[in-house]
Structures are given as C-alpha cells and as structure tokens.
1. What tally of residues in region 142-162 results from selecting those that are in contact (Cβ under 8 Å) with a residue 12 or more places away in the chain and out of contact with any Asp or Glu (no Cβ under 9 Å at 6 or more places or on another chain)?
2. I'd like the residue in region 83-99 that is surrounded by fewer than 13 Cβ atoms within 10 Å (Cβ to Cβ) and out of contact with any Gly (no Cβ under 9 Å at 6 or more places or on another chain) and, out of all such residues, is modelled with the highest pLDDT.
3. Might you check whether a residue that is of a type outside the set (Lys, Arg), under 22 Å from Arg139 (Cα atoms) and out of contact with any Cys (no Cβ under 9 Å at 6 or more places or on another chain) occurs anywhere in region 20-40?
4. Does at least one position in region 101-114 carry a residue that is more than 15 Å from the chain's Cα centre (by Cα) and either within 28 Å of Ala70 (Cβ to Cβ) or crowded, with 16+ Cβ neighbours inside 10 Å (or both)?
5. Report yes if some residue within region 35-43 is assigned to a strand (DSSP E or B), of a type in the set (Val, Ile, Thr) and either surrounded by 15 or more Cβ atoms within 10 Å (Cβ to Cβ) or free of Cβ contacts under 8 Å to residues at least 60 places away in the same chain (or both); otherwise report no.
6. As an exercise: evaluate Ala62 against (1) out of contact with any Leu (no Cβ under 8 Å at 6 or more places or on another chain); (2) on the phi < 0 side of the Ramachandran plot; (3) assigned to a loop (DSSP other than H, G, I, E, B) and give the number of the one condition it does not meet.
7. Here are Leu54, Leu16: which of them is more than 29 Å from Ala111 (Cα to Cα), among the hydrophobic types (A, V, I, L, M, F, W, C) and part of a loop (DSSP other than H, G, I, E, B)?
8. Among the listed residues Ser63, Ser124, Ser113, identify the single one that is touching a Phe, Trp or Tyr at 6+ places or on another chain (Cβ under 7 Å) and more than 20 Å from Asp30 (Cα to Cα).
Amino acid sequence: MTMLSPPSSSIRIVPLPDAFLARIRAGIDDQDQPVERHIARGSEPLRDCLRPALPGEAILLASYCPFTVAGPYKEYGPVFVAAAAQPAPRLDALPVDGERPYLGATFVLRAYSADERIVDARLSSPQAAADDLGALLGREEVAFVLARYAAYGCYALRIERG
C-alpha cells in the first residue's frame, strides 16, 4: 500500500477507539443497536485496518460517531470493521492504494475546530491530498480533519497533526 504525508508537516491517523471496537465485536454499536454481521463481497472499506475487505472475509457493520461534543455537527454513520481484530495500520500517513484505493479516486477532507465545528472542506484526490492536508492543518483554528467518502459521505478516518 502506498502512503502519502503532507510535504511540510507530519500527520497522525487516529485509530477507531479500542473501546468502540471491543463493544461492536461484542455486538452493540454507538447507538446501542445490534451490530450487523456480514461476509464481505470484497472492497468494503474496513475502518479499523484502513484497507478494503477481501471477498469472503467476516465483517461487521455498525453505527459510529467520530464526535465527542454535543451540537449540530455531531452525527452517527455506518462503518465496516473486520469481525476479528487485525494488525494495526500505519498511522503516520494517509493510506493511498493505486490499484484498490482505500479512499477512492476522490474523497472529502473536512476540517474541524476544537469545538467540533466545520472550518473548511475540500474535495481531494490521492494526488492532491498532501497539499490539501497541509493547507487545512496549517490553519491555527483547525484541530483535526475527517476524511469521508465522496459518493456516500461516510466517515473514513480522522487525521491530526503528527
């Protein structure tokens, strides 16, 4: 898997919280709903290991909230994770896979303030991501960036300064 980092700054991808992963693997998601168990068709984006699922792999579909502050931007959305714990992904670079990209050819980078309000957003690509992240994280008021899938708008990963 190819990885990209912003040229002038380091980043850190924040993994899904261990407590969330333990809870959904026990069967309950962030909205206290039962988790759905599936067999992957292949290509489902696994948020715990930052890679597409393999055909036939056991996966879970659960509701997740990447926010901690109450307010109008707090939202829940669907995420796929591997049913069994996986090795930790690399957390110091944006995952970009030329043949089967985790984020796809186009994705959204949404910058948030410390009080979890949207500051800025960009439609990005693997080629533009380093510059886009550098510009967003270079702004003092930006505390973190969420990458989202362009077509569905679903949460993909959280990025902070390294």
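The values are calculated or read from the model by the stated rules, or taken from the named source; none is laboratory data. Because the structure is predicted, anything quoted here is derived from the model rather than measured. Cβ: placed from backbone, ideal geometry, glycine included. Neighbour counts: every protein chain shown.
1. Just the residues of region 142-162 that are in contact (Cβ under 8 Å) with a residue 12 or more places away in the chain, to begin with: 142-151, 153-162.
Next cut, out of contact with any Asp or Glu (no Cβ under 9 Å at 6 or more places or on another chain) only: 146-151, 153-154, 156-161.
The number of residues fulfilling the criteria is 14.
2. Pass one, region 83-99, residues surrounded by fewer than 13 Cβ atoms within 10 Å (Cβ to Cβ): 84, 87-88, 90, 92, 98-99.
From what is left, the residues that are out of contact with any Gly (no Cβ under 9 Å at 6 or more places or on another chain) are 84, 87-88, 90, 98-99.
Details: Ala84: 96, Pro87: 87, Ala88: 83, Arg90: 82, Gly98: 60, Glu99: 73.
So the residue we want is Ala84.
3. Let us first name the residues in region 20-40 that are of a type outside the set (Lys, Arg), namely 20-22, 24, 26-36, 38-40.
Narrowing further to those that are under 22 Å from Arg139 (Cα atoms): none.
Scanning region 20-40 turns up no residue that is of a type outside the set (Lys, Arg), under 22 Å from Arg139 (Cα atoms) and out of contact with any Cys (no Cβ under 9 Å at 6 or more places or on another chain).
4. Yes, because at least one residue in region 101-114 is more than 15 Å from the chain's Cα centre (by Cα) and either within 28 Å of Ala70 (Cβ to Cβ) or crowded, with 16+ Cβ neighbours inside 10 Å (or both).
5. Here is the first cut: in region 35-43, the ones assigned to a strand (DSSP E or B) are 36-39.
Filter once more, keeping what is of a type in the set (Val, Ile, Thr): 39.
Subset that is either surrounded by 15 or more Cβ atoms within 10 Å (Cβ to Cβ) or free of Cβ contacts under 8 Å to residues at least 60 places away in the same chain (or both): 39.
Scanning region 35-43, I find at least one residue that is assigned to a strand (DSSP E or B), of a type in the set (Val, Ile, Thr) and either surrounded by 15 or more Cβ atoms within 10 Å (Cβ to Cβ) or free of Cβ contacts under 8 Å to residues at least 60 places away in the same chain (or both), so the answer is yes.
6. (3)
7. Working: Leu16 fails: more than 29 Å from Ala111 (Cα to Cα).
The match here is Leu54.
8. On the way: Ser63 fails: more than 20 Å from Asp30 (Cα to Cα); Ser113 fails: touching a Phe, Trp or Tyr at 6+ places or on another chain (Cβ under 7 Å).
Going through Ser63, Ser124, Ser113 in turn, the sole match is Ser124.
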